[in-house]
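J.: One structure, pasted below without further comment.
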Amino acid sequence: MRTTAIVTGGLILLAAAALAAWRYFGAWPPALMRSSQTSDGERAATYVGVQTCAGCHPQEHARWASSDHARAMQVANEATVLGDFADRRFAYGAVTSTFSRREGRFMVRTDGPDGKLADFEIKYTFGVRPLQQYLIELPGGRLQALSIAWDARPREAGGQRWFHLYPTEKIDYRDELHWTRRQQNWNYMCADCHSTNVRKNYDPAADRYATAWSEINVACEACHGPGSRHMAWADATRPGQTYDANDSKGLTVVLRERRGAQWAIDPSSGNARRSVPRTTAIDLGVCAQCHARRSQISSDYAAGRPFLDHYLPALLTPPLYWPDGQQRDEVYSWGSFLESRMHAAGVTCSDCHEPHGQTLRAPGNQACAQCHAPARYDVATHHFHRAGGPGATCAGCHMPTTRYMLVDPRHDHSLRVPRPDQSVALGVPNACTQCHADRKAEWAAAKTQAWYGHVPAGYQKFADAFHAAEQGAGGASQELAAISRDALQPALVRASALARMPSDLVRTPAAMDAVKQALGDGDPLVRRAAVAALESLPPDQRSRLAAPVLSDPARLVRIEAARVLAPVRPETLDQASRAAYERAAAEFVAAQRTNDDRPESRTNLGTYFATAGRVTAAETEFRAALALDPTFVPAYVNLADLYRAERREPDVRRVLAEGLTAVPDDASLHYALGLALVRAQRTAEGMTHIERAAARAPDNVRFVYTYAVSLHSTGKAREAIAVLEKALRRRPNDRDVLIALVMFNRDQGALEQALRYAERMAAQYPDDPEAQRLVAQLRGRPGR
């Protein structure tokens, strides 16, 4: 699959469906000791370095020194490079790369930005196991991750070899996934998680990076925050002196959520309960910076600051997650864990993981036995597998792995009960047939039914609704609304239910009630999803509902409210709301400026300015996006739409033609140009482009529907019906396609066929008055 730009809630987020190097790249130039911003009157804490910490914490330092964090990024040298650079050759497509050494340096001869072979020095290693990537410095302060990686696994496991991260694709220097292009840029894609106190320092005027860090790897202060005030506190203490156990000790974050808490196993259930409820999520917030799929909305994060003021995490939406919440794309752990029963019970990351050495608190099943009685669960009457075999491991069934970057299996942290029955019904994967690959899901479902005497229900109970939404089922919006209102559902699930709600159905009474309730929810993710849902409403309705959250405590909610309220005229707001909007709008712009080096963020700004009526500013941002990447399709489409709103139709066609020159096969550009040509009364040309759009993106129902309508409008009714019937096979519940099939068949005199489609629509959308009207009308027509 390709990395694609997806507009979600108005923000363009990287789907990175095949961006295997998303978390493995990274390394930056010179190290700097920087300050952590603080409130007025408080002396700023500065970063002091791992060796300073080691003086008082030698045991923690020793565990960390052999961890993956310590080796997340390193200067390339004899001690750090794992790959074979003994003049080894590796062929990929038409390019043969050679790995060698020269005067103590590690070199690769491979295709560069122009597609020609050239010699490049390996500056840094990136990661250590099960694979190691290599970073190369290009002009403009850019560090780029080479797409040929070293398989660090033992030879008997298939490792100790060079391999390409995209073996089934044809990636050359013109492709966005080529190692020299933006999707492999360490400064943006990787650095924030592989080094400590990273500052990107991108200069948009010069198009240069001056990226800096405090330490090259993930060191103490990445998780504990800058340590200078803690050092001052330690220097001020005297031997034998006592201090308040609740004292912060000068730290910017105190990771003590496990202190005083015990997990006692209940003999009746075999499961443990926390002795005191966990009321904060400090551990999770610190880990989430790098163990969540998220985009950055602020550049001033330091450990202990609110995660949701600095990052926008992904929800449980396609293509990142399966409809039952299992990991699909590379989502790391945070989102999966938040939907789990363990999270709801108060478990936090360090309950299972020793954070300094990054090992489990106990090996294998013993880690789970801390909270789950082995006499009840680590027995054949529970797992029905041979003791000591892979089927008897807790993680094997409850945390199945998905392989990323070809060689890196990662456990799903949603900690779920295997549901092969859902594999049968919904097409999602299951742990059983992951091991028993020669068996079908029906076999596994029958086995679990026989073992337990019932279908194991599990904790996650949203799969049917999420699947129905993906299929476009008419009743899905009501199911999603019910989930969003259910206080027993995890907040991430409730937010995801709102995000999955079709925009054209948000105005239904059930959906609107759910959105209004969610605006006052206690969780910021739910409130933000509710604000995003308001985008389908007219501006005056938006302002009444979204204005109160312009002063929300969470930054990600405030900036979403500002974005959604962009089309609202400021003079229609009261004085307090207008002031709040101006503050939130400034935060929104600043959030996008955080990633000025990305065409996605420049396009976000352009879209925001266009919606707010700031035409010149919008045009500037769209052009800046295209300067960064002349193949970035959303910028062409949105710039053309800006010109259309300004009635500059010749400019619309010119911009879209430019886009098609850069990206000849893009369906979105063909579709937009086709509509523009139809508006210019050049119908035949326009239909050609709309047809190409439908052919290139057959899963895009809007493109196919428009093509069918254009065929019908030119008297080709039979062809139009055939196109719609094919579209309906792909999207069996699409309302617009069903309505068109009713109308087109009726106009052709095929009343029985029209009635069948109308009845199908009424069954899928029982509350839709249009469906009921069509059924009644057709049943009453003479000649049936």
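The values are calculated or read from the model by the stated rules, or taken from the named source; none is laboratory data. The structure displayed is predicted, hence computed values, not measured ones. Cβ placement follows ideal geometry from the backbone for every residue including glycine, while neighbour counts extend to all protein chains displayed. The accessibility values were calculated without ligands, DNA or RNA, using every heavy atom of the protein model including side chains. Shrake-Rupley method; radii C 1.70, N 1.55, O 1.52, S 1.80 Å.
J.: Stretched out fully, how many nm does the piece from H57 to Q366 gain, at 0.36 nm a residue minus the Cα gap?
T.: Between H57 and Q366, full extension yields 108.5 nm more.
J.: What's the FRET efficiency of W443 with Q471 using the Cβ-Cβ distance as r and R₀ = 22 Å, to the nearest 0.05?
T.: For W443 and Q471, the calculated efficiency is 0.30.
J.: Modelled label-to-label distance, S713 and S275, 7 Å Cα→beta-carbon offset: nm?
T.: Placing both labels 7 Å along Cα→Cβ, they lie 7.2 nm apart.
J.: Whole percent per 20 Å bin, from 0 to the bin with the longest distance: what is P(r) over all C-alpha pairs of the chain?
T.: 14, 45, 35, 6, 0, 0
J.: Also: Using only Cα atoms, what Kirkwood radius does segment 598-640 have, in angstroms?
T.: It works out to 9.5 Å.
J.: Using 7 Å Cα-to-Cβ label points, what is the Q358/Q517 separation (nm, one decimal)?
T.: 4.2
J.: Turning to a different aspect of this structure: With Rg and the Kirkwood Rh both taken from Cα atoms, where does Rg over Rh land for segment 191-296?
T.: We get a ratio of 1.12 for segment 191-296.
J.: Turning to a different aspect of this structure: Work out which GluC sites (Glu not before Pro) in the chain are exposed loop sites (DSSP not H, G, I, E or B, at most 10 other Cβ within 10 Å) and give the longest gap free of them.
T.: The segment 104-784 is the longest one with no such site.
J.: Please list, in chain and number order, the residues 5+ apart from Y202 or on another chain whose amide H is under 5 Å from its amide H, with Hs placed from the backbone.
T.: Hits under the 5 Å cutoff: A210.
J.: Considering every Cα-Cα pair within segment 207-258, what fraction, in whole percent, is farther apart than 14 Å?
T.: 65
J.: Something else: What length, rounded to one decimal in nm, is gained on full extension from D203 through to K116, with 0.36 nm per residue of separation minus their alpha-carbon distance?
T.: Result: 28.5 nm gained on full extension.
J.: Dividing the alpha-carbon radius of gyration of segment 296-373 by 2.2 N^0.38 Å (N being the number of residues), what value is obtained?
T.: So segment 296-373 has a normalised radius of gyration of 1.31.
J.: Per residue and in cubic angstrom, what volume does the convex hull of the Cα atoms of segment 391-493 have?
T.: Roughly 136 Å³ of hull volume per residue.
J.: Taking all protein chains in place and a 1.4 Å probe, what share, in percent, of the accessible surface of the chain do carbon and sulfur account for?
T.: Carbon with sulfur: 52 percent of the solvent-accessible area.
J.: Moving to a separate point now. Relative contact order for segment 381-530: what is it in percent, counting Cα pairs under 8 Å that are at least 6 residues apart?
T.: Relative CO of segment 381-530 lands at 13 percent.
J.: Now, a different point. Where does helix 751-764 land angle-wise versus the long Cα axis of the chain, in degrees 0 to 90, nearest 10?
T.: 30
J.: Something else: Once you place label points 7 Å from the Cα toward the Cβ at E156 and W451, how far apart are they in nm?
T.: Result for the modelled spin labels: 2.9 nm.
J.: Give me the aspartates and glutamates in straight-line cross-link reach of K200: C-alpha distance below 13 Å, same-chain residues under 8 apart excluded.
T.: List returned: D192, D300, D596, D597.
J.: Could you tell me how many degrees, from 0 to 90 and to the nearest 10, lie between the Cα long axis of helix 649-662 and the main elongation axis, the longest principal axis, of the Cα atoms of the chain?
T.: That helix lies at roughly 50 degrees to the long axis.
J.: Remind me, relative contact order of segment 629-784 in percent, using alpha carbon pairs under 8 angstrom and six or more residues apart?
T.: 11
J.: Now, a different point. Expressed as an acute angle from 0 to 90° and rounded to the nearest 10, what is the orientation of the C-alpha long axis of helix 717-730 relative to the principal long axis of the chain?
T.: Tilt relative to the chain: about 30 degrees.
J.: Still on this structure: In whole angstrom, note down how far apart the Cα centers of segment 529-591 and segment 42-96 are.
T.: First find each Cα centre; the distance between them is then 43 Å.
J.: Here is a further query. Given Cα pairs under 8 Å that are at least 6 residues apart, what percent is the relative contact order of the chain?
T.: It comes to 8 percent, rounded to a whole number.
J.: At 1.4 Å probe size, with every protein chain present, just tell me what the per residue accessible area of the chain comes to in Å².
T.: I get 45 Å² per residue for the chain.
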